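Chemist: This is the structure I have questions about; it appears just below.
The numbers here are math on the coordinates, done by the rules we state, and not lab data. Predicted model, so just to flag it, every value in this text is computed and none were measured. Heads up, the Cβs are rebuilt from the backbone with ideal geometry, glycines too, and the neighbour counts pull from every protein chain shown.
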Amino acid sequence: MKLELIKSAHAVGESNFHIQLTPAFRQDIFSDSNVAELTLAYIIEKLNEFKVVLVGYGFGPDHLHLFVANVRFVSEMEMVRQIKGYSSFKMRKHFSNLFRNKLWGKKFWSEGHFYRSVGAVNYETMKTYVQESQEKHWTKIEKPKITEYQKKIIDF
């Protein structure tokens, strides 16, 4: 899929993200294809409200990868908050019997998420991002070391 740059009266660009979401308690609820399909359907509903394009997705038994494009009318953080909140509410309200033995209370998703901004998205780049993120999607980023060539913004 070739994505075109988004053009408006005052801007041209693209904003694509690889996002990984994890169910609460890292339970393997997506090993049930019904839970995976229903959750994805609710996520797509919310993405459509924001005019965000779902380019690709992939489920592991205990996580979900989303590749989204055209993230223009909402911030990445707000988009994730909305899709997690909406899908959690709908799944718990209508289909809690499918995962009641693994999740309880009002939790469906874990607290955090992984995200990475990406350029043009195709099958190969999606595969690469998924493979790279498996090892580091929950690790903290170390503070970078400043070299003699780097300056602070205030030094310019």
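Chemist: I need the peptides 92-99, 40-47, 14-21 ranked by packing, meaning the mean over residues of other C-beta atoms within 10 angstrom, with the highest value on top.
Modeler: So the peptides 92-99, 40-47, 14-21, ranked by packing, come out 14-21, 40-47, 92-99.
Chemist: Related question: Can you tell me the length gained on complete extension of the stretch LEU5 to ASP62, counting 0.36 nm per residue apart and subtracting the Cα distance?
Modeler: That works out to 17.2 nm of additional length.
Chemist: Continuing with this model, one more query. Percent of Cα-Cα pairs more than 15 Å apart in the range 68-127, please.
Modeler: 61
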